[in-house]
Amino acid sequence: MKIADSLFRKIQFERVLSLDGEWVRSQVLRFFNKDTPFGDLTTKSFIPPEKTAEAQIIAGETCVFAGAELLKHCFNDITELDITVNDGERVEVGKSIASLRGSARNILMRERVVLNLLQHLSGIATNVQKYVDIPSPEGFMILDTHKTTPELYLLEKYAVAAGGGHNRLSSTMLIKDNHITASGGLQNAEAFARSTHPKVPVELEVQTMEQIKEAREIGLDGFLLDNMTPEEVKKCVTLIRSFPSGESVFIEASGGIILETLSDYVWTGIDAVSIGELTTHSRRIHLKIDFK
(Lines give C-alpha, C1' and ligand atoms only; values in the text may rest on other atoms or scores of the structure.)
Protein backbone atom coordinates (compact mmCIF):
# COMPACT_ATOMS: atom_id res chain seq x y z
CA MET A 1 0.00 0.00 0.00
CA LYS A 2 1.18 3.51 -0.80
CA ILE A 3 0.10 6.76 0.84
CA ALA A 4 -2.03 8.11 -2.02
CA ASP A 5 -0.59 11.24 -3.62
CA SER A 6 1.65 11.82 -0.58
CA LEU A 7 3.75 14.29 -2.56
CA PHE A 8 0.65 16.41 -3.13
CA ARG A 9 -0.36 16.78 0.50
CA LYS A 10 -0.79 20.38 1.62
CA ILE A 11 1.78 19.92 4.37
CA GLN A 12 5.30 18.60 3.89
CA PHE A 13 7.91 17.99 6.57
CA GLU A 14 11.68 18.36 6.44
CA ARG A 15 14.70 16.47 7.73
CA VAL A 16 17.63 18.25 9.39
CA LEU A 17 20.51 16.30 7.87
CA SER A 18 23.20 18.99 8.04
CA LEU A 19 24.20 21.68 10.51
CA ASP A 20 25.81 25.07 9.98
CA GLY A 21 29.47 24.76 10.96
CA GLU A 22 29.78 28.19 12.56
CA TRP A 23 26.70 27.56 14.67
CA VAL A 24 27.98 24.15 15.78
CA ARG A 25 31.37 25.57 16.76
CA SER A 26 29.72 28.31 18.81
CA GLN A 27 27.54 25.77 20.60
CA VAL A 28 30.27 23.28 21.46
CA LEU A 29 32.55 26.08 22.67
CA ARG A 30 29.77 27.21 24.99
CA PHE A 31 29.31 23.64 26.21
CA PHE A 32 33.06 23.28 26.84
CA ASN A 33 33.16 26.53 28.82
CA LYS A 34 30.21 25.45 30.94
CA ASP A 35 31.75 22.05 31.60
CA THR A 36 35.05 23.47 32.90
CA PRO A 37 34.39 27.09 33.92
CA PHE A 38 37.61 27.14 36.00
CA GLY A 39 39.63 24.95 33.65
CA ASP A 40 40.41 21.24 33.82
CA LEU A 41 42.75 21.15 36.82
CA THR A 42 43.32 17.38 36.66
CA THR A 43 44.38 17.31 33.01
CA LYS A 44 46.55 20.42 33.34
CA SER A 45 48.24 18.96 36.41
CA PHE A 46 49.17 15.63 34.85
CA ILE A 47 49.53 16.24 31.10
CA PRO A 48 52.35 18.47 29.75
CA PRO A 49 51.12 21.05 27.20
CA GLU A 50 53.44 19.71 24.49
CA LYS A 51 52.23 16.10 24.86
CA THR A 52 50.48 14.65 21.78
CA ALA A 53 48.34 11.55 21.63
CA GLU A 54 46.31 9.31 19.36
CA ALA A 55 42.84 8.12 20.34
CA GLN A 56 39.77 6.45 18.92
CA ILE A 57 36.07 6.89 19.57
CA ILE A 58 34.71 3.35 19.97
CA ALA A 59 31.15 2.03 20.00
CA GLY A 60 30.55 0.24 23.30
CA GLU A 61 27.33 -1.27 21.95
CA THR A 62 25.55 -1.73 18.65
CA CYS A 63 23.74 1.46 17.68
CA VAL A 64 22.75 3.90 14.97
CA PHE A 65 25.32 6.68 14.92
CA ALA A 66 24.40 10.37 14.93
CA GLY A 67 26.94 13.11 15.40
CA ALA A 68 29.28 13.37 12.42
CA GLU A 69 28.04 16.89 11.69
CA LEU A 70 28.81 17.78 15.29
CA LEU A 71 32.03 15.84 15.74
CA LYS A 72 33.84 17.41 12.81
CA HIS A 73 33.63 20.79 14.55
CA CYS A 74 34.64 19.64 18.05
CA PHE A 75 38.35 18.97 17.44
CA ASN A 76 39.14 20.58 14.10
CA ASP A 77 41.12 23.43 15.64
CA ILE A 78 43.36 21.23 17.78
CA THR A 79 43.84 17.82 16.21
CA GLU A 80 43.69 15.58 13.18
CA LEU A 81 40.27 13.96 12.92
CA ASP A 82 39.13 11.07 10.72
CA ILE A 83 35.45 10.17 11.02
CA THR A 84 34.87 6.67 9.63
CA VAL A 85 31.09 6.36 10.20
CA ASN A 86 28.27 8.29 8.55
CA ASP A 87 25.20 9.65 10.28
CA GLY A 88 22.43 7.06 10.25
CA GLU A 89 24.87 4.17 9.83
CA ARG A 90 24.48 1.10 12.00
CA VAL A 91 27.59 0.60 14.10
CA GLU A 92 28.50 -2.73 15.67
CA VAL A 93 29.99 -2.98 19.15
CA GLY A 94 33.74 -2.42 19.14
CA LYS A 95 33.80 -0.54 15.84
CA SER A 96 35.87 2.65 15.58
CA ILE A 97 33.76 5.71 14.83
CA ALA A 98 36.61 8.20 14.54
CA SER A 99 40.33 8.55 15.17
CA LEU A 100 42.00 11.59 16.74
CA ARG A 101 45.57 12.82 16.84
CA GLY A 102 46.79 15.99 18.49
CA SER A 103 47.17 17.70 21.84
CA ALA A 104 46.56 15.17 24.61
CA ARG A 105 45.41 17.96 26.89
CA ASN A 106 42.82 19.24 24.49
CA ILE A 107 41.45 15.80 23.67
CA LEU A 108 41.11 14.98 27.37
CA MET A 109 39.55 18.33 28.26
CA ARG A 110 36.89 17.93 25.56
CA GLU A 111 36.39 14.18 25.92
CA ARG A 112 33.46 14.19 28.34
CA VAL A 113 31.38 16.86 26.60
CA VAL A 114 31.89 15.29 23.18
CA LEU A 115 30.97 11.83 24.44
CA ASN A 116 27.90 13.17 26.29
CA LEU A 117 26.62 14.75 23.09
CA LEU A 118 27.41 11.79 20.82
CA GLN A 119 25.89 9.31 23.26
CA HIS A 120 22.69 11.35 23.52
CA LEU A 121 22.31 11.96 19.78
CA SER A 122 23.12 8.36 18.87
CA GLY A 123 20.62 7.22 21.48
CA ILE A 124 17.90 9.24 19.77
CA ALA A 125 18.86 7.98 16.31
CA THR A 126 18.88 4.38 17.54
CA ASN A 127 15.46 4.84 19.15
CA VAL A 128 13.98 6.50 16.05
CA GLN A 129 15.14 3.75 13.71
CA LYS A 130 13.18 1.19 15.72
CA TYR A 131 10.01 3.10 14.80
CA VAL A 132 11.06 3.68 11.20
CA ASP A 133 11.74 -0.04 10.75
CA ILE A 134 8.12 -0.98 11.55
CA PRO A 135 6.48 -2.03 8.22
CA SER A 136 4.34 0.83 6.90
CA PRO A 137 2.89 2.20 3.64
CA GLU A 138 5.26 3.84 1.18
CA GLY A 139 5.64 7.53 2.05
CA PHE A 140 4.54 7.10 5.66
CA MET A 141 6.46 9.35 8.07
CA ILE A 142 7.62 9.12 11.66
CA LEU A 143 7.55 12.69 12.99
CA ASP A 144 9.18 14.17 16.06
CA THR A 145 7.52 16.76 18.30
CA HIS A 146 8.57 19.94 20.10
CA LYS A 147 9.35 17.88 23.21
CA THR A 148 13.06 18.56 23.14
CA THR A 149 15.80 19.49 25.60
CA PRO A 150 16.40 23.24 26.04
CA GLU A 151 19.58 24.29 24.19
CA LEU A 152 19.64 20.98 22.28
CA TYR A 153 16.55 21.55 20.11
CA LEU A 154 18.25 21.58 16.72
CA LEU A 155 20.76 18.87 17.63
CA GLU A 156 17.96 16.53 18.71
CA LYS A 157 16.03 17.26 15.50
CA TYR A 158 19.18 16.37 13.58
CA ALA A 159 19.48 13.09 15.51
CA VAL A 160 15.87 12.22 14.66
CA ALA A 161 16.62 12.78 10.97
CA ALA A 162 19.77 10.65 11.23
CA GLY A 163 17.60 7.82 12.52
CA GLY A 164 15.28 8.12 9.52
CA GLY A 165 12.55 10.30 11.05
CA HIS A 166 11.12 13.61 9.88
CA ASN A 167 11.23 16.91 11.74
CA ARG A 168 8.50 19.22 12.93
CA LEU A 169 10.10 22.66 12.69
CA SER A 170 8.37 26.00 12.15
CA SER A 171 7.12 25.42 8.60
CA THR A 172 3.56 24.66 9.78
CA MET A 173 1.23 26.38 12.24
CA LEU A 174 -0.44 23.87 14.56
CA ILE A 175 -3.61 25.21 16.25
CA LYS A 176 -4.30 23.57 19.61
CA ASP A 177 -7.16 23.96 22.07
CA ASN A 178 -5.41 26.68 24.07
CA HIS A 179 -4.90 28.71 20.89
CA ILE A 180 -8.62 28.41 20.11
CA THR A 181 -9.64 29.45 23.62
CA ALA A 182 -7.19 32.36 23.77
CA SER A 183 -8.26 33.73 20.37
CA GLY A 184 -12.00 33.38 20.96
CA GLY A 185 -12.77 30.44 18.69
CA LEU A 186 -11.45 28.29 15.87
CA GLN A 187 -12.43 30.67 13.08
CA ASN A 188 -10.67 33.54 14.82
CA ALA A 189 -7.54 31.46 15.38
CA GLU A 190 -7.46 30.26 11.76
CA ALA A 191 -8.19 33.72 10.34
CA PHE A 192 -5.43 35.31 12.40
CA ALA A 193 -2.98 32.60 11.36
CA ARG A 194 -3.80 33.13 7.68
CA SER A 195 -3.55 36.91 7.97
CA THR A 196 -0.17 36.91 9.68
CA HIS A 197 1.46 34.13 7.64
CA PRO A 198 -0.68 33.53 4.55
CA LYS A 199 1.76 31.13 2.88
CA VAL A 200 2.30 28.88 5.90
CA PRO A 201 0.10 25.73 6.11
CA VAL A 202 -2.33 25.54 9.03
CA GLU A 203 -3.00 22.30 10.90
CA LEU A 204 -5.62 21.69 13.60
CA GLU A 205 -5.29 19.36 16.58
CA VAL A 206 -8.58 17.55 17.32
CA GLN A 207 -9.78 14.97 19.81
CA THR A 208 -13.23 14.18 18.34
CA MET A 209 -15.01 13.78 15.03
CA GLU A 210 -17.30 16.66 15.98
CA GLN A 211 -14.33 19.02 15.97
CA ILE A 212 -13.45 17.82 12.48
CA LYS A 213 -17.02 18.47 11.29
CA GLU A 214 -16.88 21.98 12.75
CA ALA A 215 -13.70 22.65 10.77
CA ARG A 216 -15.12 21.34 7.49
CA GLU A 217 -15.78 24.76 5.94
CA ILE A 218 -12.53 26.36 7.02
CA GLY A 219 -10.33 24.54 4.54
CA LEU A 220 -7.48 23.55 6.80
CA ASP A 221 -4.30 22.06 5.41
CA GLY A 222 -3.95 19.31 7.98
CA PHE A 223 -5.38 17.56 11.04
CA LEU A 224 -3.59 16.09 14.03
CA LEU A 225 -5.75 13.34 15.54
CA ASP A 226 -4.87 13.39 19.23
CA ASN A 227 -5.25 10.48 21.65
CA MET A 228 -7.55 8.39 19.45
CA THR A 229 -7.80 4.64 19.06
CA PRO A 230 -6.93 3.11 15.67
CA GLU A 231 -10.66 2.56 15.02
CA GLU A 232 -11.41 6.22 15.74
CA VAL A 233 -8.54 7.29 13.51
CA LYS A 234 -9.93 5.26 10.59
CA LYS A 235 -13.34 6.93 10.94
CA CYS A 236 -11.76 10.38 11.06
CA VAL A 237 -9.65 9.67 7.98
CA THR A 238 -12.76 8.61 6.05
CA LEU A 239 -14.55 11.81 7.09
CA ILE A 240 -11.65 14.11 6.20
CA ARG A 241 -11.06 12.46 2.82
CA SER A 242 -14.75 13.09 2.01
CA PHE A 243 -14.25 16.86 2.30
CA PRO A 244 -13.73 18.97 -0.83
CA SER A 245 -9.99 18.59 -1.58
CA GLY A 246 -9.86 16.16 1.34
CA GLU A 247 -7.43 13.89 -0.46
CA SER A 248 -4.76 16.59 -0.25
CA VAL A 249 -5.21 17.21 3.48
CA PHE A 250 -2.35 15.99 5.66
CA ILE A 251 -3.45 13.71 8.51
CA GLU A 252 -1.32 12.58 11.42
CA ALA A 253 -2.02 10.79 14.67
CA SER A 254 -0.37 11.49 18.00
CA GLY A 255 -0.73 10.94 21.70
CA GLY A 256 0.15 7.72 23.49
CA ILE A 257 1.51 5.98 20.40
CA ILE A 258 4.53 3.91 21.34
CA LEU A 259 6.66 1.32 19.57
CA GLU A 260 4.42 -1.54 20.70
CA THR A 261 1.23 0.09 19.33
CA LEU A 262 2.61 1.78 16.22
CA SER A 263 1.62 -1.08 13.88
CA ASP A 264 -2.03 -0.54 14.83
CA TYR A 265 -1.92 2.99 13.40
CA VAL A 266 0.28 2.93 10.30
CA TRP A 267 -2.35 1.25 8.07
CA THR A 268 -5.30 3.46 9.08
CA GLY A 269 -4.86 5.83 6.12
CA ILE A 270 -2.94 8.57 7.93
CA ASP A 271 0.19 10.14 6.52
CA ALA A 272 2.28 10.13 9.69
CA VAL A 273 2.49 9.67 13.42
CA SER A 274 4.18 12.20 15.68
CA ILE A 275 5.83 10.68 18.73
CA GLY A 276 7.28 12.54 21.69
CA GLU A 277 9.07 9.43 22.92
CA LEU A 278 11.51 9.66 20.02
CA THR A 279 13.38 12.27 22.05
CA THR A 280 11.98 11.98 25.57
CA HIS A 281 12.52 8.23 26.00
CA SER A 282 15.79 7.64 24.22
CA ARG A 283 18.63 5.97 26.12
CA ARG A 284 22.21 7.13 25.92
CA ILE A 285 24.41 4.84 23.85
CA HIS A 286 27.68 3.64 25.36
CA LEU A 287 30.57 5.23 23.47
CA LYS A 288 34.12 5.70 24.70
CA ILE A 289 37.40 7.35 23.78
CA ASP A 290 40.40 5.03 24.03
CA PHE A 291 43.95 6.38 23.90
CA LYS A 292 46.51 4.31 22.02
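Would region 3-15 turn up any residue that is farther than 30 Å from S245 by Cβ and of a type in the set (V, I, T)?
So far as region 3-15 goes, no, none of its residues is farther than 30 Å from S245 by Cβ and of a type in the set (V, I, T).
Would you mention how many residues in region 184-219 are assigned to a helix (DSSP H, G or I) and basic (K, R)?
2
Restrict the check to region 35-55 and report whether at least one residue is touching a Ser or Thr at 6+ places or on another chain (Cβ under 6 Å) and buried (at least 16 other Cβ atoms within 10 Å of the Cβ).
No.
Does at least one position in region 256-271 carry a residue that is at pLDDT 95 or above and in contact with a Leu (Cβ under 6 Å, 6 or more places away or on another chain)?
Within region 256-271 (the criterion being at pLDDT 95 or above and in contact with a Leu (Cβ under 6 Å, 6 or more places away or on another chain)), the answer is no, since none of the residues qualifies.
Could you check region 133-173 and list, in sequence order, the residues that are outside any loop (DSSP other than H, G, I, E, B), at pLDDT 95 or above and among the hydrophobic types (A, V, I, L, M, F, W, C)?
Residues satisfying the conditions are M141, I142, L143, L154, L155, A159, V160, A161, A162.
Which condition number does D87 fail, the rest of (1) among the acidic types (D, E); (2) surrounded by fewer than 21 Cβ atoms within 10 Å (Cβ to Cβ); (3) under 23 Å from T279 (Cβ atoms) being met?
Going through the list (1) among the acidic types (D, E); (2) surrounded by fewer than 21 Cβ atoms within 10 Å (Cβ to Cβ); (3) under 23 Å from T279 (Cβ atoms), D87 breaks only (2).
Keeping to region 104-140, report how many residues are basic (K, R) and buried (at least 20 other Cβ atoms within 10 Å of the Cβ). So that I can check it myself, show each step before the final result.
The initial filter retains those residues of region 104-140 that are basic (K, R), namely 105, 110, 112, 130.
Checking which are buried (at least 20 other Cβ atoms within 10 Å of the Cβ) leaves us with 105, 110.
The total comes to 2.
Can you work out which of the residues in region 1-59 that are in a loop (DSSP other than H, G, I, E, B) and of a type in the set (S, T, Y) is modelled with the lowest pLDDT?
T36
Here's the yes/no breakdown for (1) under 30 Å from V93 (Cα atoms); (2) part of a strand (DSSP E or B):
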position	(1), (2)
L225	no, yes
E231	no, no
I240	no, no
L259	yes, no
V273	no, yes
R283	yes, no
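Identify all residues within region 28-71 that are free of Cβ contacts under 8 Å to residues at least 12 places away in the same chain and under 25 Å from L154 (Cα atoms); write none if there are none.
L29, R30, N33, K34, P37
Examine region 178-186 for a residue that is crowded, with 21+ Cβ neighbours inside 10 Å and among the aliphatic types (A, V, I, L, M), and state whether such a residue exists.
no
The values are calculated or read from the model by the stated rules, or taken from the named source; none is laboratory data. Keep in mind that this is a model prediction, so the values were computed, not measured. We place every Cβ from the backbone using ideal geometry, glycine too, and count neighbours over all the protein chains shown.
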